[in-house]
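Encoded as structure tokens, the structure appears first; notes follow it.
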Amino acid sequence: MSDMTPNPEEKFVGIQVSPISFIDEGVETVLDTLKDRVGVNVLMLGTVSWLGLKTGRSIAHDLDGWPDHGVPEPFTMKGGAYFNPDPRYYTKTLIKEFRATDKEMEGIDILDLVIPEAHKRDMKVYVELMEPFFKYAGHGSASAVDIPNLATCMEVDVFGRRKDEPSTSNPDYRNWMHAIIEDQVRNCDLDGIMWCNERNSPLDQMMQGQAPGDFSEAARAEAIARGIDVEACRRACIAMYGFMQDALGGKEFDDGAFITFIRTLLEHPEVLIWERFWLERNKDLDRELYGLVKWCKPDLPFGLNIWNRNHFNIFRRAQWPWDEQTMYADWVKPITYQHQSGEIWHKEFGFFQKTILRDFDPAAAMKVLDGILGIRGSDLDSVVQDGLDPDTYVYGQCAEALKGVHGKAKVFMGLGIDAPRVRADQAKCTPDIAYRSVMATYRAGGHGVVLSPNYASMKLTNLDGVAKALTELGLK
């Protein structure tokens, strides 16, 4: 346990915030509220997204009600760039016209609007971006992405069918991501970048009942260049997909689902070769963007917003070691949305319980995984309603991250304040949860916090719990 007292000179209290909040409430009102009432000194501003969770109003108002600020009406968000893209940077990609066309944002460049006023108040502005950019399901997504020929950028599954996410190997998509970051870094007086990578690997996809990718032409060419037998991998993935479909469908296995999974893996080891190839290409994107930012502005901080599935899934936990990520990040933000996370953990365990752990008692199997991963949550039948306790969950994840980065990157904990719920019986955020989450972060030795996922859905009364903790810690 750390007895560190945070240094006010190194204060990092961030908050993720939508462009629409500044339009609904006014720039000065939002900034003054966040700085004076809460104690925020870093804005994580969503600038390019088609997800309401990143650039819209509350996406869970049906369950959670509207917060005590802002406009209590749904926002028919179309999505896109909420700044004015500079066409000079987009000559190497077909994705050129992606400026947001929401009528509320017409003629407004959110970075031009917010940065000067934030800097007047000694508040920093970071750009927040999340990949994949184009996917319609979940997180309050726009109903469509109006970009011609975007379908040519999509992944291809193991059976040759086009999927619903863009391929990170596609040069148009990859060059576009490079361009949106270089454009903003060079043209705007930013204080940092937060990059989030939330991709399901081929093994993830199969356990969730989907046919895996990416077997697009560009991905196949990259694999061949790395000496991989693509067709052998494709056949192996078809075999593993077949097993997962049988497991999900209730087929009886002579030796049970877990042993049959191991047997399928041993008979088709190319599944792991493809998983490894996919993983390295995914990490390559993070590495490229880190290098790009440092090439443009060597002193500009680049941080990673780390998916909570990386600590809820034994395969992902093994695939994403903290120490490796310090090679391409100045800081990391582990997502620990405590009140929401009981449902997230329950859902993640469900992928295992319905497939490779199908034959075990669910409650007992969950406790085994809980122990391996160090989650220390409630039992299977109550974890959704209880959420995860900040004093064990936030503290434990912060301590794990600090141990893993070996002092080579800072750890800013992503704390859930009114993170959207999906069930009426799911735990709710409270001022006490917010208070204890902040205290647990600093007790573990964390370097700061990022209030998440979106100010537009946060109740000021819950943010008051953050303010109370920051006051006690001498940070407000």
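Which of the following residues is assigned to a helix (DSSP H, G or I), touching a residue at least 12 places away in the same chain (Cβ under 8 Å) and either more than 16 Å from Gly404 (Cα to Cα) or not basic (Lys, Arg) (or both): Leu300, Leu266, Leu285?
Leu285
Pick out the one residue from Met206, Met194 that is assigned to a helix (DSSP H, G or I), crowded, with 24+ Cβ neighbours inside 10 Å and not hydroxyl-bearing (Ser, Thr, Tyr).
Selected residue: Met206, the only one of Met206, Met194 that is assigned to a helix (DSSP H, G or I), crowded, with 24+ Cβ neighbours inside 10 Å and not hydroxyl-bearing (Ser, Thr, Tyr).
Being within 30 Å of Ile95 (Cβ to Cβ), open to solvent by less than 10 Å² (accessible area, probe 1.4 Å) and touching a residue at least 24 places away in the same chain (Cβ under 8 Å) narrows it down to one residue among Ile59, Ile15, Ile23; which is it?
Ile15
So if I check each of Gly387, Gly371, Gly414, Gly448, which one is small (Gly, Ala, Ser) and free of Cβ contacts under 8 Å to residues at least 40 places away in the same chain?
Every option except Gly371 fails the conditions.
Pull out all pairs, ordered by first then second residue, where Cβ-Cβ is under 9 Å, the residues are six or more apart or on different chains, the first lies in segment 427-445 and is farther than 12 Å from Asn462 by Cα and open to solvent by less than 20 Å² (accessible area, probe 1.4 Å), and the second is small (Gly, Ala, Ser) and modelled with pLDDT under 95.
Tyr442/Ser2; Ala444/Ser2; Gly445/Ser2
Exactly one of these conditions fails for Tyr442: (1) over 16 Å from Gln340 (Cα atoms); (2) part of a strand (DSSP E or B). Give me its number.
Of (1) over 16 Å from Gln340 (Cα atoms); (2) part of a strand (DSSP E or B), only one is false for Tyr442: (2).
Just to be sure, is Phe349 in a helix (DSSP H, G or I), open to solvent by less than 10 Å² (accessible area, probe 1.4 Å) and either in contact (Cβ under 8 Å) with a residue 12 or more places away in the chain or not small (Gly, Ala, Ser) (or both)?
yes
Condition test on Thr93, is it at pLDDT 95 or above and farther than 24 Å from Thr29 by Cα?
When the stated conditions are applied, Thr93 passes them.
Only one of (1) surrounded by fewer than 20 Cβ atoms within 10 Å (Cβ to Cβ); (2) modelled with pLDDT of 95 or more is not met by Leu111, so which one is it?
With respect to (1) surrounded by fewer than 20 Cβ atoms within 10 Å (Cβ to Cβ); (2) modelled with pLDDT of 95 or more, Leu111 is out only on (1).
Give me a count of the residues in segment 230-262 that are in a helix (DSSP H, G or I) and under 19 Å from Gly209 (Cβ atoms).
So the answer is 18.
Quick one: in segment 68-93, which of the residues that are in contact with a Leu (Cβ under 8 Å, 6 or more places away or on another chain) and surrounded by fewer than 21 Cβ atoms within 10 Å (Cβ to Cβ) is farthest from Thr33 (Cα to Cα)?
Selected residue: Asp68.
Identify, please: which residue in segment 126-185 is in a loop (DSSP other than H, G, I, E, B) and of a type in the set (Ser, Thr, Tyr) and is, among those, modelled with the lowest pLDDT?
Among those that are in a loop (DSSP other than H, G, I, E, B) and of a type in the set (Ser, Thr, Tyr), it is Tyr136.
For segment 457-476, give me the residue count where each residue is assigned to a helix (DSSP H, G or I), in contact with a Leu (Cβ under 9 Å, 6 or more places away or on another chain) and open to solvent by less than 10 Å² (accessible area, probe 1.4 Å).
3
The values are calculated or read from the model by the stated rules, or taken from the named source; none is laboratory data. Small disclaimer: the values here were computed from a predicted structure and weren't measured. Using ideal geometry, Cβ is built from the backbone for each residue, glycine included, and neighbour counts are taken over all protein chains shown. The area values use the complete protein model at the heavy-atom level, side chains included, leaving out ligands, DNA and RNA. Shrake-Rupley method; radii C 1.70, N 1.55, O 1.52, S 1.80 Å.
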